[in-house]
Amino acid sequence: MDLKSWANVRPLLRGAAGLLAVLLCPVATLFLAAAAFLSSGVASGVAAALSAACAASSLRDCFFLHYVTDGGAGGLGCGDGEHAGAGFFCGRSARVRAVRERLMTRLSPYRPTPYLYSGDLLTLAPFLFFKGSVGGRVAYRRRWVRVPSAPAPDGKDGPSRRPSGADSDEAVALDVAFPPGGHDAGRPTFLVLHGLNGGSTEPYVLDLARRANAEGITLAVMVARGMMKTPLKGMDSFHGARTSDVGCAVDALSYALSGRKRATNPQIVLVGFSMGGIVAANYATKARTDSGLAGALSFSGSLCSEKLLLPTRAVAHSLTTWQPALAWGLKATVVKPNQHNLARRGVSPAFVEEIETVTDIDSRLVTKYHGYPDVRDYYEDLSAAGRGDAAGREKLNGAAVPLLEVHAVDDPIAPYESCFASAVGDTENVALLATQHGGHIGWPQGMAPAGQRWSFMIDLAMEFASAVSDIR
């Protein structure tokens, strides 16, 4: 498969052009208005007309409207008719409420960088400017964890699947970073699930690893199957619904650090980012009382992915501007290295070239390769709240430890409807921290955000880990 073919590159260029237009229109409006004011004659009229056109385009952008009105307009999060807005929503249990109070007391409210005027910029700026391993190298030690082949669907018993010891078993990589003084059994341990196309070297993961190690906390990153060029043994490549790999990683960490599998007094805190957040929440709800976790934290994930199929402006924006780039990245990291297996299941390069978005990958490739009847069945299997119906609400209430979803209302990649905010208050142990602004895995702060990088997420993860470990 040629990733540089026009069929593969065309959606990428179209999405990039659309995103660039959305980002530049507000600035162009001001410059052209100034030019119209300072010039005269025909030039002034042309500049005024172009300024008006750019202004009209900006006012059609729901993310820009959301920013300039501080959530008063734009309609973000209203696609399911149950928009809860920004806030800290919480389940009924005393434990999760105590965690919420701890976080609200010790952490400052999020204040976005004022000149990043939409969720798009709040998402894009960190990934453009917060580069590298600031603060020193993270000395990971790679270990391999034996996992079952685990064909789809994952089903209710996903977290309980164990390797059999047979040749059909597979493996995932676990990159572990220990603090300078070695592992401290009295402190929590982080198990991190990275985002789509990512790994243990993602800058936000490195920031969390350095901070955790500096405070005496061990951190491990489970590298999803095939990511970071890790080899695949069998046919079962990565898909978002699989939770058995997480369960095996929890077992391995628990046994290595405490001598017990899925310890009854667990210290492992599961932290997921984006797709990793979806998997983290799904694992916590499916595993129920057998998760082996002290708590689970999801940044910019989703609790009900079926809501990403809603016919809203935010979903359309995600499909046209962000998903083409993510889909192209998936073709490079998952599809291209796995072409032989794909061909064995009837997925040809020509078929892949027709795929333009992540939703296309889910709808046409994942379902075909892994045997789901359709994309809604796949989304039900990978979501903590299933399809969002009565059965989905019951599934979400299965979380037996504090599960915190952190999401921005102006997330341009995973629209806010996917948080299923209306269901959170009916659970025992689920909480949702929704910020008005922040983008997707972004949350830049201050006038010079590069100095603080992903401090909002890192501070929250550290305090959450401390809270769930202290509050039993």
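The values are calculated or read from the model by the stated rules, or taken from the named source; none is laboratory data. Treat the numbers as computed from the prediction; the structure is a model and nothing was measured. Ideal geometry is used to build each Cβ from the backbone, glycine not excepted, and the neighbour counts take in all protein chains shown.
Can you tell me which residue is surrounded by the most Cβ atoms within 10 Å (Cβ to Cβ) among those in the range 253-278 that are farther than 24 Å from residue 383 by Cα and either among the small types (Gly, Ala, Ser) or in contact with a His (Cβ under 9 Å, 6 or more places away or on another chain) (or both)?
In this case the residue turns out to be 254.
Scan the range 329-341 and give yes if some residue there is in contact with a Gly (Cβ under 6 Å, 6 or more places away or on another chain), closer than 25 Å to residue 368 by Cβ and not assigned by TED's automatic domain parsing to the domain that holds residue 154, otherwise no.
The answer is yes, given that some residue of the range 329-341 is in contact with a Gly (Cβ under 6 Å, 6 or more places away or on another chain), closer than 25 Å to residue 368 by Cβ and not assigned by TED's automatic domain parsing to the domain that holds residue 154.
So which of 77, 72 ends up being assigned to a loop (DSSP other than H, G, I, E, B) and crowded, with 17+ Cβ neighbours inside 10 Å?
77
Filtering the range 153-178 down to residues that are part of a loop (DSSP other than H, G, I, E, B), touching a residue at least 24 places away in the same chain (Cβ under 8 Å) and surrounded by fewer than 17 Cβ atoms within 10 Å (Cβ to Cβ), which residue is farthest from the chain's Cα centre (by Cα)?
168
Look through the range 1-40, keep the residues that are over 32 Å from the mean Cα position of the chain (by Cα) and assigned to a loop (DSSP other than H, G, I, E, B), and return whichever of them is surrounded by the most Cβ atoms within 10 Å (Cβ to Cβ).
The qualifying residue surrounded by the most Cβ atoms within 10 Å (Cβ to Cβ) is 39.
Each row is one residue, and each column tells you yes or no for (1) surrounded by fewer than 24 Cβ atoms within 10 Å (Cβ to Cβ); (2) in the same structural domain as residue 206 (by TED's automatic domain parsing); (3) more than 17 Å from residue 300 (Cα to Cα); (4) more than 14 Å from the chain's Cα centre (by Cα).
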{"position": "400", "(1), (2), (3), (4)": "yes, yes, yes, yes"}
{"position": "405", "(1), (2), (3), (4)": "no, yes, no, no"}
{"position": "438", "(1), (2), (3), (4)": "no, yes, no, no"}
{"position": "446", "(1), (2), (3), (4)": "yes, yes, yes, yes"}
{"position": "449", "(1), (2), (3), (4)": "yes, yes, yes, yes"}
{"position": "452", "(1), (2), (3), (4)": "yes, yes, yes, yes"}
{"position": "458", "(1), (2), (3), (4)": "yes, yes, no, yes"}
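Looking at (1) under 26 Å from residue 456 (Cβ atoms); (2) outside the structural domain of residue 398 (by TED's automatic domain parsing); (3) touching a residue at least 12 places away in the same chain (Cβ under 8 Å), which one does residue 69 not meet, given that it meets all the others?
(3)
Restricting the range 41-58 to residues that are of a type in the set (A, V, I, L, M, F, W, C) and within 18 Å of residue 20 (Cβ to Cβ), which is surrounded by the fewest Cβ atoms within 10 Å (Cβ to Cβ)?
It comes out as 56.
Among the residues of the range 448-458, is any among the charged types (D, E, K, R), part of a helix (DSSP H, G or I) and touching a residue at least 40 places away in the same chain (Cβ under 8 Å)?
First pass over the range 448-458, keeping only residues among the charged types (D, E, K, R): 453.
If we keep only those that are part of a helix (DSSP H, G or I) as well, we get none.
Looking for residues that are among the charged types (D, E, K, R), part of a helix (DSSP H, G or I) and touching a residue at least 40 places away in the same chain (Cβ under 8 Å), one finds none in the range 448-458, hence no.
From (1) at pLDDT 95 or above; (2) more than 23 Å from residue 308 (Cβ to Cβ), pick out the condition that doesn't hold for residue 120.
(2)
Hey, among 268, 278, 355, which residue is touching a Pro at 6+ places or on another chain (Cβ under 9 Å) and modelled with pLDDT of 95 or more?
Working: 278 fails: touching a Pro at 6+ places or on another chain (Cβ under 9 Å); 355 fails: modelled with pLDDT of 95 or more.
Answer to the check: 268.
Would you check if residue 198 is closer than 28 Å to residue 463 by Cβ and in contact (Cβ under 8 Å) with a residue 60 or more places away in the chain? Full working, then the answer.
Values: closer than 28 Å to residue 463 by Cβ: yes; in contact (Cβ under 8 Å) with a residue 60 or more places away in the chain: yes.
Here the answer is yes, as residue 198 does meet what is asked.
From the residues in the range 460-472 that are at pLDDT 95 or above and more than 21 Å from the chain's Cα centre (by Cα), which one is surrounded by the fewest Cβ atoms within 10 Å (Cβ to Cβ)? So that I can check it myself, show each step before the final result.
Restricting attention to the range 460-472, the residues satisfying the condition of being at pLDDT 95 or above are 460-468.
Next cut, more than 21 Å from the chain's Cα centre (by Cα) only: 466-468.
On the way: 466: 19, 467: 24, 468: 27.
Out of the qualifying residues, it is 466.
For residue 117, only one of the following conditions fails: (1) free of Cβ contacts under 8 Å to residues at least 24 places away in the same chain; (2) hydroxyl-bearing (Ser, Thr, Tyr); (3) out of contact with any Leu (no Cβ under 7 Å at 6 or more places or on another chain). What is its number?
Of (1) free of Cβ contacts under 8 Å to residues at least 24 places away in the same chain; (2) hydroxyl-bearing (Ser, Thr, Tyr); (3) out of contact with any Leu (no Cβ under 7 Å at 6 or more places or on another chain), only one is false for residue 117: (1).
Could you list all residues from the range 101-151 that are of a type in the set (Gly, Ala, Ser) and outside any helix (DSSP H, G or I)? Write out each step before concluding.
So the first thing to find is which residues in the range 101-151 are of a type in the set (Gly, Ala, Ser), and the list is 108, 118-119, 125, 132-133, 135-136, 139, 149-150.
108, 118, 132, 133, 135, 136, 139, 149, 150 - these are the residues of the range 101-151 that are of a type in the set (Gly, Ala, Ser) and outside any helix (DSSP H, G or I).
Which one is nearest to residue 409 (Cα to Cα) among residues in the range 90-102 that are crowded, with 20+ Cβ neighbours inside 10 Å and touching a helix residue (DSSP H, G or I) at 6+ places or on another chain (Cβ under 7 Å)?
Among residues in the range 90-102 that are crowded, with 20+ Cβ neighbours inside 10 Å and touching a helix residue (DSSP H, G or I) at 6+ places or on another chain (Cβ under 7 Å), the one nearest to residue 409 (Cα to Cα) is 90.
For the range 224-248, what are the residues that are out of contact with any helix residue (DSSP H, G or I) (no Cβ under 9 Å at 6 or more places or on another chain) and buried (at least 24 other Cβ atoms within 10 Å of the Cβ)?
Across the range 224-248, the qualifying residue is only 248.
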